[in-house]
Amino acid sequence: MAKDFYSTLGVLKNASEEDIKKAYRKLAHQFHPDKPGGDEAKFKEVNEAYQVLSHKEKRAQYDRFGRVSDAPNGGGAQGWDGFNGFGGNGAQWNVNFGEDMGDLGDIFETFFGGGMGGVAQKPAHKRGANIEAHERITLEEAFSGTKRVLRFETYVDCPQCKGIGYEKSKGVTKCVKCNGKGETQEERRTVFGSFVQKKVCTECRGRGEVPKEKCTECKGSGRKLSTREVDVEIAKGVEDGQVIKITGMGEAGELASGTGDLYVVVRVKPHTHFERHKEDLITEKEIKVTEALLGKEIEMVDIDGEKYKILIPTGFNLNEPLRVPGRGMPKFGIFGSSSRGNLHVRLNAKLPKSLSHKAKKLLEDLDKEL
Ligand SMILES: [Zn+2]
Ligand SMILES: [Zn+2]
């Protein structure tokens, strides 16, 4: 009996994505093995349930068939041995073919090309999974653009067989089970009479041929766990949460059935001096009251490190931020031109803590003037 992922997460079958996420977070927290009262077995169960129910296609598959086909199995254990696992009636066959046996169908797609002769459905194309990575960068890096090298463990096409799963030089041989026909016949007696039922050969999956020797490196799966190293170019002006898609750098599917993509989610760390509002930056600057009154120049440091001066206009309202054009984040025009957004400086006029006798006298004179 298949596990009930819904009851594992304690949600109803019609639970929303949000409900599932919430339930998962709560339980993952509760059972986390590092926590007092944690439970590793339960934690794993909860994770397994979530892997399926949080994934739209997997959930749909699970709802229909009560299980999901693509649980990782170590990358090689499946393969040719799995061929013996067929059975049941024709109707079930078609279901299993697309769902459970998708990988094996792909083996034949890869080996011999072409369709399955119309006997059974072509299996769903099952390529490797997409991978999501998160990369944190500073605001300075977001300003100037940066590069990263991401390293992560995933399946890659087997270097020995280039993903096909067998030794090409050894060639193929006629399938013994179907004598090369690609299908087997079986007489079935039912209350409606007897039928001759044609079935796709379970040994060669309809090809009539099987490879002589599977690849020793990947044991026939066509892929191997390895460390992928990917150069990621992060363009200047990147926004927090922006996603960079790198095609074909995700997980390799079995038997060269296609490699998933890598999605890099860029997170821009908060900055101690600058706050970002799209292309504009906001900063605070402490100034002396006299600097404000006298309309003096004050020294600023740009996000790129450059020092420059700005002039406080006399009579400037300190409650409003001072706008400095062209000192914000990169900004791109529709024709690819690049400029910068603006900087908004919130000026904090600092009052002196104590006044000398002379200063007090001067201020009193000033007071009379104003
Ligand atoms: Zn191989
Ligand atoms: Zn056969």
Given H placed on each backbone N at 1.01 Å, which residues far from Ile137 in sequence or on other chains put an amide H within less than 5 Å of it? Arg267, Val268, Lys269
Counting only residues 5 or more places away or on other chains, whose amide H sits under 5 Å from the amide H of Arg340 once H atoms are built in the peptide plane? Lys331
For segment 275-369, with equal point scatterers placed on the C-alpha atoms only and solvent neglected, what are the log10 I(q)/I(0) values from the Debye formula at q = 0.14, 0.19, 0.21 1/Å, to two decimals? -0.62, -0.93, -1.06
Using Cα-Cα distances under 8 Å and only pairs 6 or more residues apart, what relative contact order does segment 275-369 have, in percent? 33
Answer with one residue from Gly336, His277, Thr314: the one whose Cα lies farthest towards the positive end of the charge dipole of segment 275-369, charges on Cβ with Lys, Arg +1 and Asp, Glu -1. Thr314
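Ordered by packing density, taken as the mean number of other Cβ atoms within 10 Å over each peptide's residues, highest first, how do 217-224, 168-175, 192-199 rank?
Numbers: 217-224: 24.0, 168-175: 13.1, 192-199: 10.6.
Ranked from most to least packed, the peptides come out as 217-224, 168-175, 192-199.
Filter Lys3/Lys219; Lys162/Lys269; Lys58/Lys212; Lys269/Lys309 down to the pairs with a C-alpha to C-alpha distance above 32 Å, please.
Going by Cα-Cα distance, Lys162/Lys269; Lys58/Lys212 fall outside the 32 Å limit.
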Please report Arg323, Arg228 as a ranked list, fewest other C-beta atoms within 10 angstrom at the top and most at the bottom. Arg323, Arg228
At 0.890 mPa s and 25 °C, Stokes diffusion of segment 5-68 via Kirkwood alpha-carbon radius, µm² per second: 208
Once amide hydrogens are built 1.01 Å from N within the peptide plane, the residues lying 5 or more places from Ile131 or on another chain with amide H under 5 Å from its amide H are Glu251, Asp261, Leu262, Tyr263
Setting aside same-chain residues fewer than 8 positions from Lys21, which aspartates and glutamates have a Cα under 18 Å from its Cα? Asp4, Glu45, Glu48, Glu57, Asp63, Glu132
Return the sequence-ordered ³J(HN,Hα) values of segment 218-231 in whole Hz as given by the Karplus equation 6.51 cos²θ - 1.76 cosθ + 1.60 applied to θ = phi - 60°, using x for Gly and Pro. 10, 6, x, 7, x, 9, 9, 6, 7, 9, 8, 10, 10, 7
Could you list log10 I(q)/I(0) for segment 219-263 at q = 0.15, 0.27, 0.29 Å⁻¹, which the Debye formula gives when each Cα is one point scatterer? -0.50, -1.02, -1.10
Highest to lowest packing among 284-291, 128-135, scored as the average C-beta count within 10 Å: 128-135, 284-291
Highest to lowest packing among 339-346, 201-208, scored as the average C-beta count within 10 Å: 201-208, 339-346
Per residue of segment 27-38, in order, report the coupling 6.51 cos²θ - 1.76 cosθ + 1.60 (Karplus, θ = phi - 60°) as ³J(HN,Hα) in whole Hz, putting x for Gly and Pro. 6, 4, 5, 5, 9, 3, x, 7, 9, x, x, x
Relative contact order of segment 5-68: what whole-number percent is it, with Cα pairs under 8 angstrom and at least 6 residues apart? 31
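Only the coordinates and a few stated rules stand behind these numbers; no lab work does. As the structure is a prediction and not an experimental result, all values here were calculated from the model. Methodologically, a virtual Cβ is constructed for each residue, glycine included, from the backbone with ideal geometry; neighbour enumeration extends over all protein chains shown.
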